[in-house]
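Novice: Sharing a structure with you now.
The values are calculated or read from the model by the stated rules, or taken from the named source; none is laboratory data. Just so it is clear, the model here is predicted, and its values are computed rather than measured. A quick note on method: Cβ atoms are made from the backbone with ideal geometry, for glycine too, and the neighbour counts reach across all protein chains shown. These area figures cover heavy atoms from the full protein model, side chains too; ligands, DNA and RNA do not enter into them. Shrake-Rupley method; radii C 1.70, N 1.55, O 1.52, S 1.80 Å.
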Amino acid sequence: MWKSHVVSRSFSSGSLLESLLFKRTSCRYYAKEASSSSSEARPKQVVDFQEEDLFVSSGISRPLSKILKHLNKKVPDSLIKTRVENGLSSRYVPWHIVNRIMNLHAPEWSGEIRSVSYSPDGKSVSVIYRVTLYGTDAEIFRESTGTASLEDTSYGDPMQKAEAMAFRRACARFGLGLHLYHEDML
C-alpha cells in the first residue's frame with residue numbers, strides 16, 4: 001500500500017495546497033528551500049501527512065463521497081484568476097489548475113470531448129465535455145458545455161477556450177470551484 005508523505009516545515013510563499021500542486025513527485029512531496037545560494041529544489045524533513053483540511057490520496061481509489069467532499073472545498077484565492085471581457089470581470093480557476101486539483105483529489109478521473117459543433121452562422125464553436133470520477137463504490141460523470149466566439153482570439157484558440165470552459169464547468173458540477181459561481185450571493 002502506498003503511503004503519502006509531504007514536506008513539513010514552513011514554505012517561503014503560498015499555501016500547502018499550492019506547494020503540493022506544483023511540487024508533486026511520485027508519492028513524496030518536496031518544497032523549494034528558500035536560499036540565496038541555490039534555486040535547486042531540495043527535500044526538507046518528510047513526515048506523514050495528517051491534516052484533515054487537505055487530503056492527499058493514500059491510494060488510487062477511494063469512495064466517491066470522500067472524493068466529492070474534497071472537491072467541494074474552497075479553492076485558495078491565490079489560485080484564482082480574474083478575466084475582464086466586455087467590461088465585466090469574472091473570477092475563474094485556470095484549466096491546468098483544475099486538472100492538477102483533480103489529479104490530487106480524484107486520481108482516477110477521466111475527461112473527454114463528447115461533441116464539437118459550430119453555430120449555423122459560423123461565428124462560434126461549442127464543446128460538450130464529460131468528466132468521470134471512479135470511486136471504489138461507483139463511478140459518476142458530469143457533462144457541461146463551453147462556447148467561444150471564433151472572432152475572439154484574445155485568450156488563445158477559440159476551440160481550446162471552449163474546451164477549457166466546458167472542462168471547468170463539468171468539474172464545477174462535482175463542486176470544484178463552485179463557490180466562484182455564487183460569490184455575488186454571499
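Novice: When the residues of region 68-96 are narrowed to those that are among the charged types (D, E, K, R) and under 16 Å from Ser154 (Cα atoms), which ends up modelled with the highest pLDDT?
Specialist: Per the criteria, the residue is Lys81.
Novice: Let me ask another. One residue is enough: does region 91-112 have a residue meeting the conditions at positive phi and either charged (D, E, K, R) or open to solvent by less than 70 Å² (accessible area, probe 1.4 Å) (or both)?
Specialist: no
Novice: Please go through region 79-104 and give me each residue that is of a type in the set (D, E, K, R) and in a strand (DSSP E or B), ordered by number.
Specialist: Filtering region 79-104 down to residues of a type in the set (D, E, K, R) leaves 81, 83, 85, 91, 100.
Once the filter is applied, which keeps residues that are of a type in the set (D, E, K, R) and in a strand (DSSP E or B), region 79-104 yields Lys81, Arg83, Glu85, Arg91.
Residue by residue, here is whether (1) surrounded by 19 or more Cβ atoms within 10 Å (Cβ to Cβ); (2) closer than 20 Å to Arg83 by Cα; (3) modelled with pLDDT under 95 holds:
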residue	(1), (2), (3)
Gly135	no, no, yes
Ala138	no, no, yes
Thr145	no, yes, no
Thr153	no, yes, yes
Gln160	no, yes, yes
Glu163	yes, yes, no
Ala166	yes, yes, no
Arg173	no, no, no
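Novice: May I pose another question? Which of the numbered conditions does Ser110 fail, given that it passes all the others? Conditions: (1) over 14 Å from the mean Cα position of the chain (by Cα); (2) at pLDDT 95 or above.
Specialist: Going through the list (1) over 14 Å from the mean Cα position of the chain (by Cα); (2) at pLDDT 95 or above, Ser110 breaks only (1).
Novice: Ok, one more. Within region 118-132, count every residue that is of a type in the set (Gly, Ala, Ser) and either within 27 Å of Pro76 (Cβ to Cβ) or surrounded by 13 or more Cβ atoms within 10 Å (Cβ to Cβ) (or both).
Specialist: Step one: list which residues in region 118-132 are of a type in the set (Gly, Ala, Ser), which gives 119, 122, 124, 126.
Now drop any that are not either within 27 Å of Pro76 (Cβ to Cβ) or surrounded by 13 or more Cβ atoms within 10 Å (Cβ to Cβ) (or both), which leaves 124, 126.
Here the count works out to 2.
One line per residue, one yes/no per condition, for (1) β-branched (Val, Ile, Thr); (2) over 15 Å from Leu71 (Cβ atoms); (3) touching a strand residue (DSSP E or B) at 6+ places or on another chain (Cβ under 8 Å):
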| position | (1), (2), (3) |
| --- | --- |
| Val125 | yes, yes, yes |
| Ser144 | no, no, yes |
| Pro158 | no, yes, yes |
| Glu163 | no, yes, yes |
| Ala166 | no, yes, yes |
| Phe174 | no, no, yes |
